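Single-structure report; data block below.
None of the figures in this text is laboratory data; all of them are computed from the coordinates on show. What you see is a predicted model; the values in this text were computed from it and never measured. Glycine gets a Cβ as well: all are built from the backbone with ideal geometry, and neighbour counts include every protein chain shown.
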Amino acid sequence: MTRAAGNHGPAAAGDAPLLPGARLGVLGGGQLGMMFATAARRMGYRVDVFSDVADCPAARHCDRLHVVRFDDPAALVEAAVGLDALTFEFENVSAAAASALADRTRVRPDPAILHTVQDRGREKAFLVQHGFPVVPHALIRDRGDLEHAAVRLGLPAVLKTAAFGYDGKGQRRVGSRADLEAAWSDLGPGELVLEAWVDFAAELSVVAARGADGAIAPFAPVHNRHRNHVLDLTTAPAPLPRAVQDEAQRLAAAILGSLGYVGVGCVEFFLLGDGRLLVNEIAPRPHNSGHLTVEACACSQFEQQVRAVCGLPLGSPRQLAPAAMANLLGDCWAGGEPDWAAALAVPGVSLTLYGKSAPRPGRKMGHLTAVAATAAEAEAAVIAARDRACRRA
């Protein structure tokens, strides 16, 4: 655990710790909110969940559920009466609403940070301003900007919406002028970001917790593999040189410090063939690639989120065993209910289902985690378990 500069604003206000029995709120009722609520209640906290739908994964794991729109500050403030602190499980919350809540209670991370990182243009501007390595890119406001950026950055490239993009949504790979025209028709008008195509060797991420006192506890970097732009498999420890792992942790800690961040966040990276790292995105919340910390680490990312939000000392991010995590998408239900007994017959494997009622192709329904003597063994076990569950040959 380290300490970093960058304490400023409300995150450094020195609030008194919130002890078990306090009431915590989480904006978002998905699986991240569910796992935050589970960790908080295990530690003795009461949890309110704010969701825009009643049938959400976190509904069965909280003390109170508020069904409310995330872009309605007045309704959110009214529902949040009596909360001691509030955090996020996803970033697509109105920054104005988050700021209104911050006038009434402790909000971690600070809404100003949410405003920065929920928009790709603002996020990249922050990274460039602070000297962090990023993919060459250009902000696109109209067709002229797009034409000039395509010439400057070259093709292929990736066109992305500036806001409300995740799991590959709101982005298109463009390899030709025709692709560029089609992508503009699909994603524009509105603010976009064009990124140069990066021929990366690997994708990795670092989940880290940062306390109000500046203490930073980064988890070990994990190796991520995606399928159709959705995270498919995460392995830890990542099969990367120690120098790369150290640099990834250093960059993640420095980014959270520069933001004055309090809470748990994730920094995603591209690893280039020459060993350099480029920051891809910042997630101001726990992350899919950190799910394996529940089974594999001394303190999970969700307990760290509770500790950071409440002003408690951070736990140890030490990994106790090599692990791998495989996402379970709705596609696994195509042939009927998956064979969970067959999956759980694989030694070292555990199952987490999110309780979503309707399995749809591409929808995250749960995940499997495996722990083993080596990362390779954990990876093989979790793949075998998922193949059994989904009845794959």
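Sum -39500 (n - 2.57) across every DSSP H segment of at least 4 residues in the chain, then divide by the residue count to get the 222 nm mean residue ellipticity, nearest 500. The partial results should precede the final answer.
Values: 12 runs with 118 residues, N = 393.
Computed mean residue ellipticity for the chain: -9000 deg cm²/dmol.
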Length gained, Asp103-Asp145, 0.36 nm per residue minus C-alpha separation, equals 11.3 nm
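What list do you get for Tyr354, Tyr45 if you sort them by fewest beta carbons within 10 Å?
On the way: Tyr354 18, Tyr45 22.
Fewest-to-most Cβ neighbours within 10 Å comes out as Tyr354, Tyr45.
Under the rule a/c < 1.5 gives rounded, and otherwise a/b versus b/c splits prolate from oblate, where does the stretch 329-393 land using the Cα gyration tensor?
Working: a/c = 2.17, a/b = 1.80, b/c = 1.21.
Prolate, because a/c is 1.5 or more and a/b exceeds b/c.
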Once phi for every residue in the stretch 338-349 is put through the Karplus expression 6.51 cos²θ - 1.76 cosθ + 1.60 (θ = phi - 60°), the whole-Hz ³J(HN,Hα) values, with Gly and Pro written as x, are x, 8, 5, 4, 5, 5, 6, 6, 6, x, x, 9
Computed over the stretch 195-330, the distribution of all Cα-Cα distances in 5 Å bins, rounded to whole %, is 2, 11, 22, 24, 20, 13, 6, 2, 0
Final fewest-first order of Val128, Val193, Val77 on the 10 Å Cβ neighbour count is Val128, Val77, Val193
The stretch 244-322 and the stretch 125-201 have their Cα centres apart by a whole-number Å value of 26
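For the residues Ser289, Ser300, Ser350, what sequence is obtained by ranking on other C-beta atoms within 10 Å, fewest first?
On the way: Ser289 28, Ser300 25, Ser350 18.
Result, fewest neighbours first: Ser350, Ser300, Ser289.
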The ratio Rg/Rh over the Cα atoms of the stretch 136-196, Rh being the Kirkwood inverse mean 1/r radius, stands at 0.91
Per the 1/(1 + (r/R0)^6) rule, R0 = 30 Å and r from the Cβ atoms of Asp232 and Leu155, FRET efficiency to 0.05 is 0.65
Semi-axes a, b, c in Å (a largest) for the chain, each sqrt of 5 times a Cα gyration tensor eigenvalue, come to 29, 27, 22
Rounded to the nearest 0.05, FRET efficiency between Asp246 and Ser357 (Cβ-Cβ, R0 41 Å) equals 0.40
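Beta carbons within 10 angstrom, averaged per residue: use that to sort the peptides 234-241, 382-389, 18-25, highest first.
Numbers: 234-241: 20.0, 382-389: 22.2, 18-25: 18.5.
Going by the mean number of other Cβ atoms within 10 Å, highest first, we get 382-389, 234-241, 18-25.
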Checking every Cys Cβ in the chain against the others at 4.7 Å leaves as unpaired Cys56, Cys62, Cys266, Cys297, Cys299, Cys310
Protection proxy (average C-beta count within 10 Å per residue), highest first, orders 277-284, 173-180, 51-58 as 277-284, 51-58, 173-180
Partner lysines whose C-alpha sits under 26 Å from that of Lys356, ignoring same-chain residues fewer than 8 away, are Lys169, Lys364
One finds the C-alpha centres of the stretch 338-393 and the stretch 83-110 to be spaced, in Å, by 34
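Let a ≥ b ≥ c be the square roots of the eigenvalues of the Cα gyration tensor of the stretch 2-117; is it rounded (a/c under 1.5), or, if not, prolate (a/b larger than b/c) or oblate? It would help to have the intermediate numbers written out before the result.
Values: a/c = 1.62, a/b = 1.22, b/c = 1.33.
Oblate is the answer for the stretch 2-117, as a/c is 1.5 or above yet b/c matches or exceeds a/b.
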By the mean-Cβ-within-10 Å protection proxy, highest first, 315-325, 139-149 rank as 315-325, 139-149
Among Ala125, Ala37, Ala95, the residue with the largest mean-square fluctuation in a Gaussian network model of the chain built from Cα contacts under 10 Å is Ala125
Percent of all Cα-Cα pairs per 10 Å bin for the stretch 20-87, counting from 0 up to the last occupied bin, reads 25, 57, 17, 0
With a ≥ b ≥ c from the Cα gyration tensor eigenvalues, square-rooted, and the rule rounded for a/c under 1.5, otherwise prolate when a/b > b/c and oblate otherwise, the stretch 268-337 is oblate
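Tell me the net charge near Pro20. Cut-off is 12 Å between Cβ atoms, Pro20 excluded, with +1 for each Lys or Arg and -1 for each Asp or Glu.
Values: positive: Arg23, Arg41, Arg42, Arg46, Arg307; negative: Asp84.
The answer is +4.
Report the chymotrypsin sites (Phe, Trp or Tyr not before Pro) located in the stretch 124-190 that are in a DSSP loop and have at most 15 other Cβ atoms inside 10 Å of their Cβ, or state none. Kindly include the intermediate steps, with their values, before the conclusion.
Values: sites: Phe126, Phe164, Tyr166, Trp184; in loops: Phe164, Tyr166.
When the chymotrypsin sites (Phe, Trp or Tyr not before Pro) of the stretch 124-190 are filtered for loop state and at most 15 Cβ neighbours within 10 Å, Phe164, Tyr166 remain.
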